[in-house]
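Written out below as structure tokens is the structure these notes cover.
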Amino acid sequence: MSIWFWQLFLVVMFFLVVYSLYKLIRADEPIGKKIIWCLIILFLPVFGGAFYLFMHKKLK
């Protein structure tokens, strides 16, 4: 694969993580859950952001 693919992938991942953290900060959740989700999003950036966005709707 060429380098533009990886650059696009990294840009999409970056915005996914930023958007997930923004939604997490704005969510009406206890601080403990926010900290755990923040750690998941930051330590597993490929799956953490997408996982939060999908699971957050199901958990409500």
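The values are calculated or read from the model by the stated rules, or taken from the named source; none is laboratory data. All figures in this text were calculated on a predicted structure; none of them were measured in a lab. Here the Cβ positions follow ideal geometry from the backbone for every residue, glycine too, while neighbour counts run over all protein chains shown. Heads up: the accessible areas ignore ligands, DNA and RNA and are worked out on the full protein's heavy atoms, side chains in. Shrake-Rupley method; radii C 1.70, N 1.55, O 1.52, S 1.80 Å.
A compact table of results
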quantity: Trp4 paired with Lys23, simple spin-label distance in nm, labels 7 Å along Cα-to-beta-carbon; calculated: 2.9
quantity: Rounded accessible area per residue of the chain, 1.4 Å, Å²; calculated: 83
quantity: More than 14 Å apart - percent of Cα-Cα pairs taken over the chain; calculated: 55
